[in-house]
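See structure below.
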Amino acid sequence: MAYGSGWELDESSEEFWAKVDEYGGDDPRLEEMLEGLSWALLADPIGVPNAQLLVGTLWCVTLGVSPAYLVFYEVDEAARKITYSMIALAP
């Protein structure tokens, strides 16, 4: 699903979505925040506000305030592909 900037977002991780479902029952805003993040990633995956490069191609961004979530994603610049890796409650 490539958009104007030519990036593709791979949302196929069953583990990622299982965790989203687990957290989503407690926070109905989570799905909306993830939708907004998806659009931001497609526009510029390394320019998302408060995103941090952790190591190699692994990035992390904080969503929300309370509770906050950490969303981890991989960026393959050569293939112009973004892949959701993991989501967790922020400490």
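The values are calculated or read from the model by the stated rules, or taken from the named source; none is laboratory data. Just so it is clear, the model here is predicted, and its values are computed rather than measured. Because the Cβ atoms are built from the backbone with ideal geometry, glycine has one as well, and the counts that use them run over all protein chains shown. Calculation scope for accessible area: heavy atoms of the full protein, side chains included, ligands and nucleic acids excluded. Shrake-Rupley method; radii C 1.70, N 1.55, O 1.52, S 1.80 Å.
From the list VAL61, VAL71, VAL48, VAL75, which residue is touching a strand residue (DSSP E or B) at 6+ places or on another chain (Cβ under 8 Å), modelled with pLDDT of 90 or more, assigned to a loop (DSSP other than H, G, I, E, B) and under 19 Å from TRP7 (Cβ atoms)?
VAL48
For region 23-65, how many residues are in contact (Cβ under 8 Å) with a residue 24 or more places away in the chain and under 21 Å from ASP76 (Cβ atoms)? Steps first, answer last, please.
Our first condition is that a residue be in contact (Cβ under 8 Å) with a residue 24 or more places away in the chain; within region 23-65, this holds for 23, 26-27, 29-30, 33-34, 37-38, 41-46, 58, 61-64.
Still in the running and under 21 Å from ASP76 (Cβ atoms): 34, 37-38, 41-46, 58, 61.
Qualifying residue count for the region: 11.
Residue under question is ARG80, and the condition is that it be without any contact (Cβ under 8 Å) to a residue 60 or more places away in the chain and among the charged types (D, E, K, R); does it hold?
No.
Could you grab me the full set of residues in region 73-84 that are open to solvent by 30 Å² or more (accessible area, probe 1.4 Å) and closer than 16 Å to SER12 by Cβ?
Scanning region 73-84 gives GLU74, ASP76, ALA79, LYS81, THR83.
Does region 25-47 hold any residues that are open to solvent by less than 20 Å² (accessible area, probe 1.4 Å) and hydrophobic (A, V, I, L, M, F, W, C), and which are they?
Within region 25-47, LEU30, LEU34, LEU37, LEU41, LEU42 qualify.
Looking at (1) modelled with pLDDT of 90 or more; (2) surrounded by fewer than 15 Cβ atoms within 10 Å (Cβ to Cβ); (3) over 12 Å from the mean Cα position of the chain (by Cα); (4) within 23 Å of PRO91 (Cα to Cα), which one does SER66 not meet, given that it meets all the others?
That leaves (1) as the condition not met.
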